[in-house]
Structure formats: C-alpha cells, structure tokens
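The values are calculated or read from the model by the stated rules, or taken from the named source; none is laboratory data. This is a predicted model, so every value here is computed, not measured. Please note: Cβ atoms are built from the backbone with ideal geometry, for glycine as well, and neighbour counts cover all protein chains shown.
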Amino acid sequence: MSLEPETPRSCPVRVAGTGSYLPERVMTNHELEEAVDTSDEWITSRTGIRERRIAKEGEFTSHMASEAARRALDQAGVAAIDIELIIVATITPDTLTPATACYVQQQIGAFKAVAFDVSAACSGFLYAMELARHSVGAGAFRNALIIGAEKLSAFVDWNDRNTCVLFGDGAGAAVLLPSTNGGGRILSSTLGTDGAQAELLNIPGGGSACPALPGAAPARPAVLSMQGREVFKHAVNAMRQAANDAIAAAGLGIADIDLIIPHQANLRIIDAIVERLDFNRENVFINLDKYGNTSAAAVAIALDEAHREGRVKPGDRILLVAFGAGLTWASAVIEW
Ligand code: ACO
C-alpha cells in the first residue's frame, strides 16, 4: 500500500477555439517620424515593426479582450454562459482593481465564471494557459477562457523614442476544453521568473510604491521604462532555453516541431532564437510588422492568425514561446 497522498488524476486539455481583435486605427512608422526623432528605416531595421494598432478613445483593454473572447467562443462552439473560468493576462488593466477579467465576464455574459487576471507581461498568456490547463485537467473547472489583452498605448511615453515605437494594442483568446476523445492536446509547458532583473523593464508609477494620488502626479510616471539592450540579451537566452525545455518535456526533438509561434517583440530576437534552435525560419509565424509588441496579447493573436490562415493543421506540433517584464519567460508545445 502506498503511503503517498493520493494525487488527483489529470486529463489532457486541448485548445478548442481561438480568436483575436485588433483596433482599426493603424499607426505607421512614418507617423511616428512626425512625433519623435526617429525614422521608418531605424524602426524597421532594428525591430522589424512597420505599423501598430491603437485603440480608440473609450476602447479599453476589457473591450478588446471581450471581442477576442467572443470570436474564440464562437469557433469553439461554447456559449459564454457555460464558461467556468476566465483568466485575463494583462499589464494594462482597465483599472488596478477589479481585475479586467471581471469586466470581461460581464461584457460577454459569462455570469457563472470565476474571473481573475495574471500579470506576467509578455509571458502572461502562456502563464494563463498553464494555470487553466491544470485547472481544467484536474476537473476543478469544466472549461476555461484565457485571454491576452493590452492597451499599451495608454502606458507609453509618446515623447520617448526608445519605447513608443515598439508597442501596440490588441487582444487574443483561446478556449480550453478537456481532450476526452483525441483531437489535440497541450503536451508540455515551462514557466520561469527572475525578479532580480525587475528594474530592466517596468512601469514604475501608479502602483503602491509610487501612487497616483488625487491632485498630484506620481513621482515616477505610469509609462513603460526599458533598458532595451539588456532585455534583448536576456530574451534570446531565456526563450531559447524555454523552447528547448518544453520540447524535451514533450518527449520531442526540434525536428518534430511544425511551427514556432514566438513572442512578437523584435525580429532580431526571433532570428537569433531560430538560428540557435537550428529551425527552418519559414516555419516561424511572424506578424510583428503589422502590430508591434502587444505584450500578453502577442502570442495569443499570433496563434489565432496562424490557425485562421491554415498554418496550423490537425496533428501539427506547435511551439509557443514568450519573454517579458519580470523578468518572465514561458513556453508550451501543443499538438493540434
Ligand atoms: N529611433 C532612432 N534611434 C533610436 C530609437 C528610435 N526609435 N530608439 C533608440 N535609438 C537610438 C538610441 O538612442 C541609441 O543611440 P546612441 O547609440 O546614440 O545612444 C541607438 O539607437 C541604439 O540604441 P539601443 O538601445 O542599443 O538599440 P538596440 O539595437 O538594442 O534596439 C530595442 C533597441 C529595439 C529596444 C531592442 O533593444 C529590443 O528589442 N530590446 C528587447 C525588447 C523586448 O524584448 N522587450 C520584452 C518584452 S516587452 C514587455 O514585457 C512589456
């Protein structure tokens, strides 16, 4: 007889539907040339970004998240009222509290769902996926709606050329269901955090350390601040390692991967990782030229676009890998 406490049995979990939403307003590099001392040539050659989407006034993170969620639910054939768990990954919530997931619950009519946010920057969607996978796999919830959504345009200093050219707004979502009779599953996932490097990339103002009190501007503004070159180095190393770890945890080799969907921050970061992984660049999904870095939304939007464009077919093995403020990193291998 085993003296080990009984561990709950876990069933595999699949991605049953994806959706995304991008605001209509396109902001090109040429427009930014008018605002700060930059050039289309610099932005394109240093990052690969050509344009980004900007949410309109009155359009918040929750609105974009809800629209992406509706599209994912529609594709999965699941009614909002039947959703039991909503996790929104974001660093640009509508309000510090309540969580953006609470607004989404109301906007889409998922009135029975437990709803909360995770804050893990660009890795947030994959953090949400891992939490939801275990929650659904263990039977605590029958399904989950996970969303990466950001309105970064509200947290960018539009006079700082070091950051304002990099970011954009948008949302992506996925519905997770138990994989009872085949039809794909999440094979593996890895998550990592290094809080010692928190200062490299943060939004210093607006929190309890530097509050925005009535009548006074916070001592440090609530805008993104980044040591780009340092972050770049960490991103390449951490994403390569996370990719290898998830592939190994799935019992696979790089040759078994059909498509890589990386975080969409910088084309040079993606190229460096793909080269180190010795992977065919044609099988790497890239859309950062159109949207810039949408942080927690980036991998979610890319997964949905890849799916809808037919780049993801049943049986394919897809590697998702992300990196962001925290520092955080995350990866997952999905068999579609
Ligand atoms: N236009 C023109 N020149 C610029 C611009 C700009 N928009 N931005 C910076 N420069 C200048 C700098 O001032 C610097 O000039 P100097 O040499 O005279 O000082 C020069 O260009 C080079 O600057 P670097 O910062 O070294 O440029 P780099 O090649 O590293 O590119 C970048 C900067 C694009 C930010 C890059 O470092 C990067 O992509 N870093 C990682 C970003 C990332 O992955 N973030 C993670 C996720 S984000 C999140 O979690 C929210």
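General remarks:
- Those residues of the stretch 193-214 which are over 22 Å from GLY124 (Cβ atoms) and either touching a residue at least 12 places away in the same chain (Cβ under 8 Å) or assigned to a helix (DSSP H, G or I) (or both), in sequence order: none
- Residue in the stretch 33-41 that is among the hydroxyl-bearing types (Ser, Thr, Tyr), without any contact (Cβ under 8 Å) to a residue 24 or more places away in the chain and either within 16 Å of the ligand (Cβ to nearest atom) or in contact with a helix residue (DSSP H, G or I) (Cβ under 7 Å, 6 or more places away or on another chain) (or both) present: yes
- Any hit, the stretch 6-25, residues being surrounded by 19 or more Cβ atoms within 10 Å (Cβ to Cβ), of a type outside the set (A, V, I, L, M) and part of a helix (DSSP H, G or I): no
- Filtering the stretch 209-249 to residues that are more than 16 Å from the ligand (Cβ to nearest atom) and more than 26 Å from ALA154 (Cβ to Cβ) leaves ASN244, ASP245, ALA246, ILE247, ALA248, ALA249.
- Residues that are over 22 Å from GLY168 (Cβ atoms) and touching a strand residue (DSSP E or B) at 6+ places or on another chain (Cβ under 8 Å), drawn from the stretch 89-107: ALA99, CYS102, GLN105
- Those residues of the stretch 10-49 which are within 20 Å of the chain's Cα centre (by Cα) and more than 20 Å from GLY172 (Cα to Cα), in sequence order: THR47, GLY48
- Scope the stretch 280-323; condition within 12 Å of the ligand (Cβ to nearest atom) and at positive phi; matching residues: GLY292, SER295
- All positions within the stretch 200-227 that are in contact with a strand residue (DSSP E or B) (Cβ under 9 Å, 6 or more places away or on another chain) and farther than 13 Å from LEU96 by Cβ: LEU200, LEU201, ASN202, PRO204, LEU224, SER225, MET226, GLN227
- Of the listed requirements (1) loosely packed, with under 15 Cβ neighbours inside 10 Å; (2) assigned by TED's automatic domain parsing to the domain that holds ARG308; (3) in contact with a strand residue (DSSP E or B) (Cβ under 9 Å, 6 or more places away or on another chain), SER189 misses just one: (1).
- Looking only at residues in the stretch 260-275 that are among the aliphatic types (A, V, I, L, M) and touching a helix residue (DSSP H, G or I) at 6+ places or on another chain (Cβ under 6 Å), the one that is farthest from ASP304 (Cα to Cα) is ALA272.
- The residue list PHE155, PHE111, PHE141, PHE167 contains one member that is touching a residue at least 24 places away in the same chain (Cβ under 8 Å) and under 20 Å from ALA330 (Cβ atoms), which is PHE167.
- Within the stretch 246-279, the set of residues being within 19 Å of the chain's Cα centre (by Cα) and closer than 15 Å to LEU187 by Cα comprises ALA246, LEU259, ILE260.
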